[in-house]
Amino acid sequence: MKQGLIIAIGIGVVLLAGIGLFVLLQSSHTTPSPSSGTTGVNTGTSGGQNSTTVVTPGSGGTSTSPGQTQTSTISVASANGGSVQVNDFRNDPLTATTSNIPDHYFISGGLDPNTTGAPYSIMYVNSDQSFTVSLWVEPIADTRHLAEQDLLQRLGISQQDACNLRYTVLVPYSVSPVYAGKNLGFSFCPGATKL
C-alpha cells in the first residue's frame with residue numbers, strides 16, 4: 001500500500017514537471033522568420049551532420065536580444081539525393097529517446113502512443129535519415145492533416161521541403177484494413193493517397 005502511494009506520487013511529480021516544462025517551452029519558443037534579417041552560421045558537425053545556429057547580423061556573435069531565440073538546424077537526406085535543412089529536433093525537449101532503440105527519435109506521440117493516447121506518432125531514424133508517421137485513429141484524413149502540421153512546425157519546413165524528405169505515412173490494420181501496409185504520403189505531395 002505504501003509502495004503504491006509512493007509510486008503514484010512519483011508519477012504525479014513527473015507529470016507536473018513535464019507539463020510545466022511544456023508550458024514554459026511553448027510560451028518562450030519563437031522561430032525567427034526569414035524576413036527578420038537572420039542568417040545561418042555553420043557551427044560544425046554533430047553526429048555526422050552539419051549544425052547551423054541562427055544569428056542576427058551585427059549582433060556580435062550568437063547572443064540574442066530579448067524576445068529572440070537561437071535555432072539550431074541540421075541537414076537530413078532527401079529522397080532525391082540532396083538534403084533538407086530542418087530544426088534540430090534531436091535536442092528538442094519534446095523529442096523522446098530511449099537506450100533500448102538507439103538512433104531513433106520520437107518527435108511526436110512519445111515512446112508508446114498506445115499509453116499516451118496520441119492520435120499519431122512521428123519517428124526519425126538517424127541511420128537512414130527517414131521519418132515514419134503512424135496514424136492511430138480515425139478519421140485518418142484528419143489525423144494525417146494534424147500529423148503533417150505538427151511535422152512542418154517542429155521541423156520548421158515548407159510543404160515542398162516535406163515532400164522531399166525520406167518518409168512514410170502508415171496506418172495499422174487495426175485502424176484501417178483498407179489502407180494498412182500502404183505509404184499514404186503527405187496529403188499535399190504528388191502521388192499521395194486521397195482519403
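Selection of segment 84-94 for residues being polar (S, T, N, Q) and modelled with pLDDT of 95 or more yields GLN85, ASN87.
Scanning for something surrounded by 12 or more Cβ atoms within 10 Å (Cβ to Cβ), of a type in the set (Asp, Glu) and either over 19 Å from the mean Cα position of the chain (by Cα) or outside the structural domain of ILE122 (by TED's automatic domain parsing) (or both), does segment 138-153 turn up at least one residue? Checked segment 138-153: at least one residue is surrounded by 12 or more Cβ atoms within 10 Å (Cβ to Cβ), of a type in the set (Asp, Glu) and either over 19 Å from the mean Cα position of the chain (by Cα) or outside the structural domain of ILE122 (by TED's automatic domain parsing) (or both). Scanning segment 79-94 for residues that are in a loop (DSSP other than H, G, I, E, B) and either surrounded by fewer than 18 Cβ atoms within 10 Å (Cβ to Cβ) or small (Gly, Ala, Ser) (or both) turns up ALA79, ASN80, GLY81, GLY82, ASP92, PRO93, LEU94.
Any residue at all in segment 47-67 that's modelled with pLDDT of 90 or more and farther than 20 Å from ASN164 by Cα? No, segment 47-67 has no match at all.
Among residues belonging to segment 154-184 that are out of contact with any Phe, Trp or Tyr (no Cβ under 8 Å at 6 or more places or on another chain), without any contact (Cβ under 8 Å) to a residue 24 or more places away in the chain and not aliphatic (A, V, I, L, M), point out the one that is surrounded by the fewest Cβ atoms within 10 Å (Cβ to Cβ). Among residues in segment 154-184 that are out of contact with any Phe, Trp or Tyr (no Cβ under 8 Å at 6 or more places or on another chain), without any contact (Cβ under 8 Å) to a residue 24 or more places away in the chain and not aliphatic (A, V, I, L, M), the one surrounded by the fewest Cβ atoms within 10 Å (Cβ to Cβ) is SER174.
Test THR71 against the criterion of being surrounded by 16 or more Cβ atoms within 10 Å (Cβ to Cβ) and either over 19 Å from CYS163 (Cβ atoms) or of a type in the set (Phe, Trp, Tyr) (or both), and give yes or no. The answer is yes for THR71.
Scanning segment 133-184 for residues that are acidic (Asp, Glu) and either in contact with a Gly (Cβ under 7 Å, 6 or more places away or on another chain) or within 21 Å of ARG90 (Cα to Cα) (or both) yields GLU148, ASP150, ASP161. From the list SER127, SER121, SER134, SER108, the lone residue that is small (Gly, Ala, Ser) and exposed (fewer than 15 other Cβ atoms within 10 Å of the Cβ) is SER127.
Enumerate the pairs (first residue in segment 110-137 and part of a helix (DSSP H, G or I); second residue anywhere and of a type in the set (A, V, I, L, M, F, W, C)) with beta-carbon separation below 7 Å, excluding pairs fewer than 6 apart on the same chain, so at least 6 apart or on different chains. From segment 110-137, the pairs are PRO113/TRP136.
Note on segment 158-195: residues that are in contact with a helix residue (DSSP H, G or I) (Cβ under 8 Å, 6 or more places away or on another chain) and part of a loop (DSSP other than H, G, I, E, B) amount to 12.
The values are calculated or read from the model by the stated rules, or taken from the named source; none is laboratory data. Source: prediction; values computed, not measured. Glycine gets a Cβ as well: all are built from the backbone with ideal geometry, and neighbour counts include every protein chain shown.
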